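For reference, the structure discussed in these notes is given below.
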Amino acid sequence: MNIISNALGHVLRIIFELVQNYGLSIILFTIVVKVLLLPLTIKQTKSTKAMQDIQPKIKEIQTKYKDKPEKQQQEIMKIYTEAKINPLAGCLPLLIQMPILIALFSVLREPVTYGVFVDQEQLATAAQGFLWVQDLTKPDVILAILSGATTFLMQTLMMPKDQQQGSMKMMTYVMTAMMLFWGFTFPAGLTLYWTIGNVFAIAQHYLIMNPLRAKLAVSKEEVDENPRNKK
C-alpha cells in the first residue's frame, strides 16, 4: 500500500509545484485520479446494467426450482453463459479501486510522510488561505457540510429506483452522516478531496453514466426485438 501512496504523493507534489496552491492542487489531483479511474467505472456500470437485465430471468428460475438448489444453480449459470456475463466482473473494478482510495486517504491525511511536502513547515505555509478555508490541515465546518450534502445527493442519484427504500435508503443516510462526522474530524484538505470527488461523480452521472445506461438499454431492446432472438 505504501508503494501506491508514495506514487500518488509524488503526483500531488508535481501538481503543487506547477500551480503553487495546495487547495487547487488537491482539486486538480482529484480530477486526474477520477479521470484515470473512469474506464473502471464505465466497466462496472456495464456489468451492473447487464446483471439488472437478467434479474427477472434469475428470479423466475429461483422460484421454479426453489426445492432443487442444484438444478437452480445450473440454470442460473446457463443464463450467465447465454448473456456472456461473469457474475464476478462487477466486483473487479471495485477491488482495483479500493487500494487506490485507501492510498489517497493516507496521502491527503499525511502529505509530508508521502513526499508531497519536504516538512511540516512547508505544509503549514502551503495550507494557509484557500477560498474561505483558513487552514487545510484543520477541519472546516463549511467543507464538512458540503461533503455531507454532496454525498447525500450522489447516493440518491446513483441508487436504482427499485432500491430507494429499506436498507439501501438507510445506507444513504449512514454514508452522509459518516462524511459529516469525518468532515468535522479530518483535515480540510481531505474533506476537499471528498467533496470534489462527489461533485465529479454527480457530473459524471449526468454526462456519461446516464447516456451510457440509455444506450445499453436501447441496444438490449434491439437485440430482444430481433426475430432471431425470439423463440
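Screening residue 137 with (1) among the hydroxyl-bearing types (Ser, Thr, Tyr); (2) at pLDDT 75 or above; (3) in a helix (DSSP H, G or I); (4) open to solvent by 30 Å² or more (accessible area, probe 1.4 Å) gives one miss only, at (3). Checked against (1) in contact with a helix residue (DSSP H, G or I) (Cβ under 9 Å, 6 or more places away or on another chain); (2) among the polar types (S, T, N, Q); (3) modelled with pLDDT of 85 or more, residue 172 passes all but a single condition, namely (3). Residue count for region 83-130, restricted to those that are in a helix (DSSP H, G or I), modelled with pLDDT of 75 or more and over 25 Å from the mean Cα position of the chain (by Cα): 7. Comparison of 231, 215 shows that the only residue that is modelled with pLDDT under 65 and either within 22 Å of residue 100 (Cα to Cα) or in a loop (DSSP other than H, G, I, E, B) (or both) is 231. Tallying residues that are touching an Asp or Glu at 6+ places or on another chain (Cβ under 6 Å) and outside any helix (DSSP H, G or I) within region 58-79 yields 0. Against the criterion of being touching a Phe, Trp or Tyr at 6+ places or on another chain (Cβ under 7 Å) and over 19 Å from residue 28 (Cβ atoms), residue 156 does not qualify. Of all the criteria given as (1) touching a residue at least 40 places away in the same chain (Cβ under 8 Å); (2) surrounded by 15 or more Cβ atoms within 10 Å (Cβ to Cβ); (3) under 30 Å from residue 111 (Cβ atoms); (4) of a type outside the set (A, V, I, L, M), the one not satisfied by residue 25 is (1).
Tell me yes or no: at least one residue of region 36-43 is under 28 Å from residue 125 (Cβ atoms) and in contact (Cβ under 8 Å) with a residue 60 or more places away in the chain. Spell out how you get there, then give the answer.
Filtering region 36-43 down to residues under 28 Å from residue 125 (Cβ atoms) leaves none.
No, that holds for no residue.
Whether any residue in region 106-120 is touching a residue at least 60 places away in the same chain (Cβ under 8 Å), under 17 Å from residue 29 (Cβ atoms), open to solvent by 80 Å² or more (accessible area, probe 1.4 Å) and touching a helix residue (DSSP H, G or I) at 6+ places or on another chain (Cβ under 7 Å) is what I want to check. Scanning region 106-120 turns up at least one residue that is touching a residue at least 60 places away in the same chain (Cβ under 8 Å), under 17 Å from residue 29 (Cβ atoms), open to solvent by 80 Å² or more (accessible area, probe 1.4 Å) and touching a helix residue (DSSP H, G or I) at 6+ places or on another chain (Cβ under 7 Å).
The values are calculated or read from the model by the stated rules, or taken from the named source; none is laboratory data. Everything numeric in this text was worked out from a predicted model, so none of it was measured. Please note: Cβ atoms are built from the backbone with ideal geometry, for glycine as well, and neighbour counts cover all protein chains shown. Note: accessible area is taken over every heavy atom of the protein model, side chains too, but ligands, DNA and RNA are not part of it. Shrake-Rupley method; radii C 1.70, N 1.55, O 1.52, S 1.80 Å.
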